[in-house]
1. What are the residues in the range 7-63 that are basic (Lys, Arg), at pLDDT below 80 and surrounded by fewer than 10 Cβ atoms within 10 Å (Cβ to Cβ), if any?
2. What are the residues in the range 1-15 that are more than 19 Å from residue 62 (Cβ to Cβ) and of a type in the set (S, T, N, Q), if any?
3. Identify all residues within the range 43-66 that are part of a loop (DSSP other than H, G, I, E, B) and not hydrophobic (A, V, I, L, M, F, W, C); write none if there are none.
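The values are calculated or read from the model by the stated rules, or taken from the named source; none is laboratory data. The shown structure was predicted, so the numbers you read here are calculated from the model rather than taken from an experiment. Every residue, glycine as well, gets a Cβ built from its backbone with ideal geometry; the counts of neighbours run over all protein chains shown.
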Amino acid sequence: MDNTPIGPLRSTGIRDVIVVDVGAVDDTSARNYGDSVSGWWIFINKLNPFYERTVPSMTEISGRLA
């Protein structure tokens, strides 16, 4: 997924491109998912009310992409 289609602009001869992300969430915290993310692990921990969520939900990912 290319949120900033710079490639087609460059192919038309445009040399300088300025990209501004005006809707970004300032969440620059590092997330360590380990070597892999298990769907079962996420499902079980979603039922646990005391577990701190580290993997963003699909809604949060889609919202950031929009």
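1. Passing the criteria: only 31.
2. If we filter the range 1-15 for residues that are more than 19 Å from residue 62 (Cβ to Cβ), which is where we start, we get 5-15.
Within the range 1-15, 11, 12 meet the criteria.
3. In the first step, residues of the range 43-66 are kept if they are part of a loop (DSSP other than H, G, I, E, B); the result is 48-57, 66.
Once the filter is applied, which keeps residues that are part of a loop (DSSP other than H, G, I, E, B) and not hydrophobic (A, V, I, L, M, F, W, C), the range 43-66 yields 48, 49, 51, 52, 53, 54, 56, 57.
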